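Report on one structure; see the data block that follows.
The values are calculated or read from the model by the stated rules, or taken from the named source; none is laboratory data. Just so we're clear, the structure is a prediction, and the values are computed from it rather than from any experiment. Cβ coordinates were reconstructed from backbone atoms using ideal geometry, including for glycine residues, and neighbour counts include every protein chain displayed. Accessible surface areas use protein heavy atoms only, side chains included; no ligands, DNA or RNA. Shrake-Rupley method; radii C 1.70, N 1.55, O 1.52, S 1.80 Å.
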Amino acid sequence: MKRDDRMKYEIAQELGLLEKVEEGGWKSLTARESGRIGGIMASKRKKKPKGD
């Protein structure tokens with residue numbers, strides 16, 4: 001699993017959305033939920049050094 005995919009699953013779990021993703025896939029999320037995950041991912045990417 002790629003680092004971004006792993007991060008996406010971790011964030012979904014933190015937000016309480018992992019069960020929804022596991023049952024219906026990523027397409028089952030609302031635009032707001034998807035955007036929240038994407039925003040948190042972008043924020044975390046900015047904070048991490050490129051070598052990680």
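Taking the residues in segment 21-32 that are farther than 14 Å from Glu10 by Cα and surrounded by 10 or more Cβ atoms within 10 Å (Cβ to Cβ) as candidates, determine which candidate is nearest to the chain's Cα centre (by Cα). Lay out the reasoning, then the answer.
Just the residues of segment 21-32 that are farther than 14 Å from Glu10 by Cα, to begin with: 23-25, 27-32.
Pick out the ones that are also surrounded by 10 or more Cβ atoms within 10 Å (Cβ to Cβ) and you get 24, 28-30.
Numbers: Gly24: 15, Ser28: 14, Leu29: 11, Thr30: 13 Å.
It comes out as Leu29.
So which of Gly39, Gly51 ends up being at pLDDT below 95 and not acidic (Asp, Glu)? Spell out how you get there, then give the answer.
Values: Gly39 fails: at pLDDT below 95.
Going through Gly39, Gly51 in turn, just one is at pLDDT below 95 and not acidic (Asp, Glu): Gly51.
Given the criteria part of a loop (DSSP other than H, G, I, E, B) and open to solvent by less than 80 Å² (accessible area, probe 1.4 Å), does Gly16 qualify? Walk me through how you get there before you give the answer.
Working: part of a loop (DSSP other than H, G, I, E, B): yes; open to solvent by less than 80 Å² (accessible area, probe 1.4 Å): yes.
Yes; evaluated as a whole, the condition is true for this residue.
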